[in-house]
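Before any comments, here is the structure.
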Amino acid sequence: MGWQAIPQDFFNRHPVEVARDLIGTELMVAGVGGIVVETEAYAEDDPASHSFRGKTARNAAMFGAPATAYVYRSYGLHWCLNAVCRPGTAVLLRAMEPTAGLGVMAARRGVNAPRLLASGPGRLCQALAVDARHDGTPLLHPPFRLLSRPGTPIDIVSGHRIGISRATEKPWRFGLAGSPFLSRRFG
DNA sequence: GAGCTGATTGTCT
DNA sequence: GACAATCAGCTCT
């Protein structure tokens, strides 16, 4: 019952399904990473999605093949990592439970507490050293490593999305129930 | 613990 | 020129 590589077909589905199924998977970047505990889905006909107004230079990666990384800068200073699903849709990786390379992540983040290393999309990217260089690159190839553990029971909760001003009512945020590594608790 | 605010820059209107 | 899928540090309770 070990970890298995995630196939590209995993991402060729509706982003809500992918967001839910990504909870509990393991994401590593160059040997540093952990368990995904929080995600958000963004669909194509979704006013909150960067793809809503069509393809532009910034969101071009979002229209790439399933399992492509879409990385963008948020609020001028943070990076956010998304996994592209069907073209024009994506899942935002919001938080992780660090399991490998804790020391490296702590050094990059400038903090020691494990729960502060990757509990938030900007923090997660800083801990994994993900930035514009990764935009448009495949998540299923090095330096990325994405694994799932089929058959492992996982308790998943959902709620409304965070940090956006449009279509906030959609319950498209998913998290690992009771995890202390969430960016915020689910209400 | 909750709530406010400044930081900082690429992108679109 | 406004705004943004955020964070950290502050105040007040």
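Just so it is clear, none of the values below were taken in a lab; they were calculated from the coordinates. Because the structure is a prediction, the values reported are computed rather than measured. When we count neighbours, we look across all protein chains shown, and the Cβ atoms used for this are built from the backbone with ideal geometry, even at glycine.
For the structure I just gave you, tell me whether A:Ala61 is surrounded by 14 or more Cβ atoms within 10 Å (Cβ to Cβ), of a type in the set (A, V, I, L, M, F, W, C) and within 9 Å of DNA strand C (Cβ to nearest atom).
Values: surrounded by 14 or more Cβ atoms within 10 Å (Cβ to Cβ): yes; of a type in the set (A, V, I, L, M, F, W, C): yes; within 9 Å of DNA strand C (Cβ to nearest atom): no.
In short, no.
Which members of the stretch A:118-148 meet the condition of being assigned to a loop (DSSP other than H, G, I, E, B) and of a type outside the set (D, E, K, R)?
Let us first name the residues in the stretch A:118-148 that are assigned to a loop (DSSP other than H, G, I, E, B), namely A:118, A:120, A:129-131, A:135-137, A:139-143.
Within the stretch A:118-148, A:Ala118, A:Gly120, A:Ala129, A:Val130, A:Gly136, A:Thr137, A:Leu139, A:Leu140, A:His141, A:Pro142, A:Pro143 qualify.
Being farther than 21 Å from A:Ile162 by Cβ, out of contact with any strand residue (DSSP E or B) (no Cβ under 6 Å at 6 or more places or on another chain) and away from DNA strand B (no atom under 16 Å from the Cβ) is the filter here, so list the residues in the stretch A:114-137 that pass it.
A:Ala129
Would you mind finding the one in A:Asp45, A:Asp9 that is surrounded by fewer than 18 Cβ atoms within 10 Å (Cβ to Cβ) and outside any loop (DSSP other than H, G, I, E, B)?
It is A:Asp9.
Going through the stretch A:149-185 one residue at a time, which ones are touching a strand residue (DSSP E or B) at 6+ places or on another chain (Cβ under 6 Å), part of a loop (DSSP other than H, G, I, E, B) and surrounded by 15 or more Cβ atoms within 10 Å (Cβ to Cβ)?
A:Arg161, A:Trp172, A:Ser179, A:Phe181, A:Leu182, A:Ser183
Does the stretch A:69-85 include one or more residues that are surrounded by fewer than 17 Cβ atoms within 10 Å (Cβ to Cβ) and more than 16 Å from DNA strand B (Cβ to nearest atom)?
No, every residue in the stretch A:69-85 fails to be surrounded by fewer than 17 Cβ atoms within 10 Å (Cβ to Cβ) and more than 16 Å from DNA strand B (Cβ to nearest atom).
Count, please, the residues in the stretch A:37-54 that happen to be within 12 Å of DNA strand B (Cβ to nearest atom) and in contact (Cβ under 8 Å) with a residue 12 or more places away in the chain.
First pass over the stretch A:37-54, keeping only residues within 12 Å of DNA strand B (Cβ to nearest atom): A:47, A:50-54.
If we keep only those that are in contact (Cβ under 8 Å) with a residue 12 or more places away in the chain too, we end up with A:47, A:50-51.
Here the count works out to 3.
Can you find, within the stretch A:88-113, the residue that is surrounded by the most Cβ atoms within 10 Å (Cβ to Cβ) among those that are within 16 Å of DNA strand B (Cβ to nearest atom) and over 15 Å from A:Arg173 (Cβ atoms)? Break it down stepwise before answering.
Step one: of the stretch A:88-113, the residues within 16 Å of DNA strand B (Cβ to nearest atom) are A:88, A:90, A:109-111, A:113.
Checking which are over 15 Å from A:Arg173 (Cβ atoms) leaves us with A:88, A:109-111, A:113.
Values: A:Gly88: 22, A:Arg109: 17, A:Gly110: 8, A:Val111: 14, A:Ala113: 9.
Out of the qualifying residues, it is A:Gly88.
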